[in-house]
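The values are calculated or read from the model by the stated rules, or taken from the named source; none is laboratory data. Predicted, not measured: the structure shown is a model, and the values here were computed from it. Neighbour counts are summed over all protein chains in view; Cβ atoms, including those assigned to glycine, are modelled from backbone coordinates with ideal geometry. All accessible areas refer to the heavy atoms of the entire protein, side chains included, with ligands and DNA or RNA removed. Shrake-Rupley method; radii C 1.70, N 1.55, O 1.52, S 1.80 Å.
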Amino acid sequence: MLELYALAVGPLAWLAFGVFVIGSLARLFSMYSLAKKKDAAFLSYMTWRYSLRSIFHWLIPFGSLGWRENPALTVATYVFHICLFLVPIFLMSHIVMWDTSFGFTYAALPDGLADGLTVAVMVVCLFFAWRRLSLPEVRFVTSNHDWLVLVLVFCTFSTGFLAYHQIGDSLTLTTLHVLCGEAMLIAIPFTRLSHMLFGFFARGYIGSEFGGVRRAKDW
Amino acid sequence: MTTTIADRRIEDAGLEAGIARLTPEKIQKTILAVLEGEGGARLKTYVETCVRCGMCAKACHYYMSHKDPSYAPVAKVRQTMWEILKHKGLVSPEFIHQCAQIAYTECNLCRRCMHYCPLGIDTAYIMSFVRRICHKLGVTPQYIQDTAHSHSATMNQMWVKDDEWIDTLKWQEDEARDEMPELRIPLEVEGADFMYSVIAPEPKFRTQLIYQAAFIFNQAGLNWTMPATPGWDNSNMAMFSGDMEIMGRVEMAHFEAAQRLRVKRIVMGECGHAFRAIYDVGNRWLGWGMHPVPVVHSIEFFWDLLNSGKIRMAKKYPGPVTIHDPCNVIRGRGLMDKLREVVHAICDGVVEMTPNREHNYCCCAGGGVINCGPPFKNVRIVGNSVKADQLKATGVKTCIAPCHNCHGGLEDIIHKYGLGIELKFLGDIIYECMEKKGAS
Ligand code: SF4
Ligand code: SF4
């Protein structure tokens with residue numbers, strides 16, 4: 001297990017970050033090339049002003065009609081995405097790893113808070129799972145792919161949670177946690193998690209069409 | 001209740017004849033060609049980025065009315081485009097029938113769902129793409145195909161012949177001269193301030209609208225003209241049938257009529273989809289970023305006339321009235337404020353619908369849906385009970401809808417749900433209540 005752990009935090013970590021960064025850049029670049037080749041006429045309607053205007057309104061909780069009409073999902077989505085960024089980046093034990101590997105460090109979240117946020121992510125995962133199972137309009141469009149992505153996130157956070165609380169075999173759980181996290185990173189460019197990359201462009205494009213051509217708001 | 005498109009299959013002569021000619025191999029060949037030629041980053045991004053969250057369900061009046069998840073915007077994509085891509089176009093003729101039924105008759109391309117999708121996914125675009133594929137496969141509902149044929153043969157939607165067009169204008173001029181002896185409907189006046197353009201149903205069966213417009217323009221003393229040649233019709237059903245080639249020809253004829261007459265701008269009658277064709281779709285297809293001739297919709301034009309004092313109201317139309325926001329000039333052009341200012345200037349007692357403005361529900365006729373004809377009428381009317389409820393809640397007896405398609409769709413729900421509401425164009429009310437100094 002120790003070897004696996006060493007592998008996970010060593011070469012596999014490099015691999016995961018490499019695939020994530022290079023994969024994301026490659027996907028963004030190839031999508032941009034495709035857009036230039038096939039959608040150039042539509043790309044030309046994109047403006048910074050209206051793209052950012054739309055993104056801005058959609059970043060505000062309850063700032064758009066869609067958010068307002070789905071209040072529970074709105075709260076869940078905001079909590080989920082905020083935690084998804086805060087916890088991995090500002091968790092003390094992650095910062096310690098940066099420090100031991102590369103010798104740099106920065107302010108961490110208090111452990112208790114980070115723990116709470118981790119629980120929040122898991123709870124929201126369960127909420128998402130409940131939606132996929134129980135709401136007919138979500139069930140109708142849910143496929144294995146969606147479950148895979150959700151399970152990946154849930155496993156990453158739950159193994160981290162268990163490892164932190166020393167529930168079960170710490171080394172096994174930590175190793176699993178690292179592997180799940182890496183799988184998630186690798187998955188970002190190639191699964192629906194890529195909405196992290198493309199979502200802003202899609203919103204920005206529609207924002208530009210609505211703002212610049214149609215002179216109407218889109219939120 | 002959850003159904004699928006297969007559970008609500010509707011027979012249509014055009015769709016049946018279309019799929020009878022197909023095999024999965026033929027279908028695949030065509031689909032791959034369309035995807036290769038026209039499917040780009042937009043389609044790819046939308047399909048890959050959608051997180052299947054179902055947030056867009058509540059956007060769609062079909063879903064809100066039928067309460068069936070298979071009518072949600074994302075569900076329409078699931079039942080069409082995702083499958084097409086998953087199978088790389090190798091799908092059955094029956095499946096293409098389903099795609100056509102969804103894309104042509106269960107989506108108005110109203111773009112309301114873009115107000116609900118956090119990722120800004122344009123379901124209307126995806127549905128248009130599915131229509132394009134169906135068109136290329138020759139699987140289009142009979143009625144809308146007939147109008148596309150009419151566009152192709154006559155450059156107007158209703159098989160109006162060239163001489164009938166001129167005849168109708170002369171006839172309306174004659175009629176109106178009883179009321180205003182000096183009235184003219186000027187034809188082919190080069191260098192006029194604007195070319196007035198209408199949709200083909202006006203000369204065909206709503207001639208009073210031409211009469212009224214002529215009366216208003218004459219009363220205001222405007223320098224205007226209409227073309228005596230094809231290009232007068234600004235409607236465009238080919239745009240909705242997926243026949244972009246004919247769509248482009250129609251718009252070209254339209255712009256060229258205006259350019260030949262060297263008018264300063266085109267003023268469009270109260271129609272939404274025609275405005276979309278000229279302002280958003282046709283110009284792009286023909287390679288112009290925006291329209292090559294300035295274009296003004298009636299709402300804005302009337303706003304101008306009222307504000308500049310060129311026309312004055314002798315009285316206000318008695319309320320209460322409500323305002324229907326047509327998708328193609330509101331979400332499509334942002335005329336919601338001007339529309340309200342005009343209505344407040346000509347009517348008393350305006351009661352707003354909720355939601356309204358950019359968030360308004362579609363009339364459920366637009367996007368070519370009503371043009372798919374009787375076989376699909378019921379789904380469309382039942383699919384808009386949410387609009388009927390919205391209208392009913394205002395408690396008014398008059399609804400102003402500055403769009404032909406909206407009149408069609410709203411008339412149907414008003415009738416079906418016994419709302420007892422009368423529909424009006426802005427022109428109807430202005431004509432009825434304005435100062436008529438030139439009248440005899
Ligand atoms: S009808 Fe309107 S809201 Fe419904 S899917 Fe089509 S564009 Fe979206
Ligand atoms: S709201 Fe957007 S992301 Fe969510 S299911 Fe609908 S189209 Fe997909």
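Taken across region B:89-109, residues that are within 16 Å of ligand 2 (Cβ to nearest atom), touching a Phe, Trp or Tyr at 6+ places or on another chain (Cβ under 8 Å), at pLDDT 95 or above and open to solvent by 10 Å² or more (accessible area, probe 1.4 Å) do occur, with at least one present. Within region B:404-435, can you find the residues that are in contact with an Asp or Glu (Cβ under 8 Å, 6 or more places away or on another chain) and without any contact (Cβ under 8 Å) to a residue 60 or more places away in the chain? Once the filter is applied, which keeps residues that are in contact with an Asp or Glu (Cβ under 8 Å, 6 or more places away or on another chain) and without any contact (Cβ under 8 Å) to a residue 60 or more places away in the chain, region B:404-435 yields only B:423.
The sole residue among A:76, A:107, A:72 that is within 13 Å of chain B (Cβ to nearest Cβ) and surrounded by fewer than 16 Cβ atoms within 10 Å (Cβ to Cβ) is A:72. The residues listed here are B:191, B:231, B:221; of these, the one that is on the phi > 0 side of the Ramachandran plot, in a loop (DSSP other than H, G, I, E, B) and surrounded by 22 or more Cβ atoms within 10 Å (Cβ to Cβ) is B:231. With respect to the conditions (1) aliphatic (A, V, I, L, M); (2) open to solvent by 20 Å² or more (accessible area, probe 1.4 Å); (3) more than 10 Å from ligand 1 (Cβ to nearest atom); (4) modelled with pLDDT of 95 or more, residue B:81 falls short on a single one, namely (2). Considering region A:1-52, and only residues there that are of a type in the set (Ser, Thr, Tyr) and out of contact with any Phe, Trp or Tyr (no Cβ under 8 Å at 6 or more places or on another chain), the residue that is least open to solvent (accessible area, probe 1.4 Å) turns out to be A:24.
Could you identify the single residue in A:175, A:142, A:159, A:191 that is in contact (Cβ under 8 Å) with a residue 60 or more places away in the chain and either within 14 Å of another protein chain (Cβ to nearest Cβ) or open to solvent by less than 30 Å² (accessible area, probe 1.4 Å) (or both)? Break it down stepwise before answering.
On the way: A:142 fails: in contact (Cβ under 8 Å) with a residue 60 or more places away in the chain; A:159 fails: in contact (Cβ under 8 Å) with a residue 60 or more places away in the chain; A:191 fails: in contact (Cβ under 8 Å) with a residue 60 or more places away in the chain.
Exactly one residue qualifies, and that residue is A:175.
For region B:43-68, residues that are touching a Gly at 6+ places or on another chain (Cβ under 8 Å), closer than 24 Å to residue B:133 by Cβ and more than 11 Å from ligand 1 (Cβ to nearest atom) total 1. Please determine, by comparing only the residues of region A:20-44 that are at the interface with chain B (Cβ under 9 Å from one of its Cβ atoms), of a type in the set (Gly, Ala, Ser) and in contact with a helix residue (DSSP H, G or I) (Cβ under 8 Å, 6 or more places away or on another chain), which one is farthest from residue B:45 (Cα to Cα). Filtering region A:20-44 for residues that are at the interface with chain B (Cβ under 9 Å from one of its Cβ atoms), of a type in the set (Gly, Ala, Ser) and in contact with a helix residue (DSSP H, G or I) (Cβ under 8 Å, 6 or more places away or on another chain), the one farthest from residue B:45 (Cα to Cα) comes out as A:41. Quick check on region B:405-412. Is at least one of its residues surrounded by 22 or more Cβ atoms within 10 Å (Cβ to Cβ), assigned by the TED database to the domain that holds residue B:317 and of a type in the set (D, E, K, R)? No; the residues of region B:405-412 include none that is surrounded by 22 or more Cβ atoms within 10 Å (Cβ to Cβ), assigned by the TED database to the domain that holds residue B:317 and of a type in the set (D, E, K, R). Restricting to region B:29-58, and then to whatever is of a type in the set (Gly, Ala, Ser) and more than 8 Å from ligand 2 (Cβ to nearest atom), can you tell me which residue is farthest from the other protein chains (Cβ to nearest Cβ)? In this case the residue turns out to be B:33.
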